[in-house]
Amino acid sequence: MEQWSNFLKTVGENLTFLAVVFCVAAALIGVSRGLEIIIGRHKGVGYEKLSVKKIAVIGMMAAIAMILMLFEFPIPFLAPPFYELDFSEVPVLICSFLYGPVAGVLVELVKVILKVLIKGTSTAFVGDFANFAVGCSFVIPASAWYQSKKSKKNAVAAMILGTVVMTIFGTLFNGVYLLPKFAQLYGMPLEQIIAMGTTINGNIHNILTFVIIAVAPINLIKGISVTILVTFIYKPISRALHRIA
């Protein structure tokens, strides 16, 4: 009876987590579409639906993003090894600059699904969900800002805004939800996770200092890196994609 009870508890915990993932994904798509409608009205244009060609480009960019995600790497001097850095947001951001926030969220979603199907998960799916949600917190504000006025100067400002939002959101989301959920689903006590951070930096002694000292810098580094890369490669890639779509 005890084993059956534990099994049902585990199923319930995972179903709850999956429900949260679904709700967050739906909310992000809804917010993105709302922003596109608002920007369109401000610019005097109607909401532009995704065409077949655009969907094909979204799929292509998602595949590229998934490949880049496979080459994620830890930053051992900043955070425990289950926190890894990758550059998969580069094609996501390019696609969202080209087509808007909804396209960016869809690329993020497909990217993570493909990665899980091909490689599986080493973080009880929490890390994959974190990559999606935190990535969206970068892409949505950046692409919405850029869509409001397309220029190189505004693109840089948009990516700076996205970096700031991602750093703040990623830090708070990790502390409030992701770390406790990872500890629960992965079966690792939260105290043990914090101790791993303390080993790297003696100033880490609770979940607040963990996310500020370990998590925030990783998101900041990722945002700055993606900003630099996209600044140099967006124009030639966007010209090529415009010829396709």
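Read-outs throughout are calculated quantities, based only on the coordinates presented, and are distinct from any laboratory measurement. What you see is a predicted model; the values in this text were computed from it and never measured. Ideal geometry is used to build each Cβ from the backbone, glycine not excepted, and the neighbour counts take in all protein chains shown.
Numbers at a glance
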quantity	calculated
Burial ordering of Val226, Val24, fewest other beta-carbon atoms within 10 Å first	Val24, Val226
HN-Hα J in Hz across the stretch 158-166 - Karplus 6.51, -1.76, 1.60, θ = phi - 60°, x for Gly and Pro	5, 6, 5, 4, x, 5, 5, 5, 4
Sorted by Cβ neighbour density within 10 Å, fewest at the top, the residues Cys136, Cys23	Cys23, Cys136
Per-residue ³J(HN,Hα) for the stretch 143-154, Karplus 6.51 cos²θ - 1.76 cosθ + 1.60, θ = phi - 60°, Hz, x for Gly and Pro	6, 5, 5, 5, 5, 5, 7, 7, 7, 5, 4, 5
Calculated log₁₀ intensity ratio I(q)/I(0) where the Debye formula runs over C-alpha points of the chain, q = 0.10, 0.14, 0.18 Å⁻¹	-0.49, -0.92, -1.39
Protection-proxy order for peptides 232-241, 112-121, 213-222, each taking the mean of Cβ atoms within 10 Å per residue, highest first	213-222, 112-121, 232-241
Amide H partners (placed H, <5 Å) of Leu85, local residues excluded	Phe73, Ile75
Among 146-156, 60-70, 96-106, the order from most to least packed when residues are scored by Cβ within 10 Å on average	96-106, 60-70, 146-156
Net charge contributed by nearby residues that have their C-beta within less than 15 Å of Met166 (K/R +1, D/E -1)	-2
Chain lengthening between Lys149 and Val24 when straightened (0.36 nm per residue, less Cα-Cα)	42.2 nm
Cα centre as origin, Lys/Arg/Asp/Glu Cβ charges: the chain dipole, Debye	1340
Residue exposure sequence - Arg33, Arg243 - by fewest surrounding Cβ within 10 Å	Arg243, Arg33
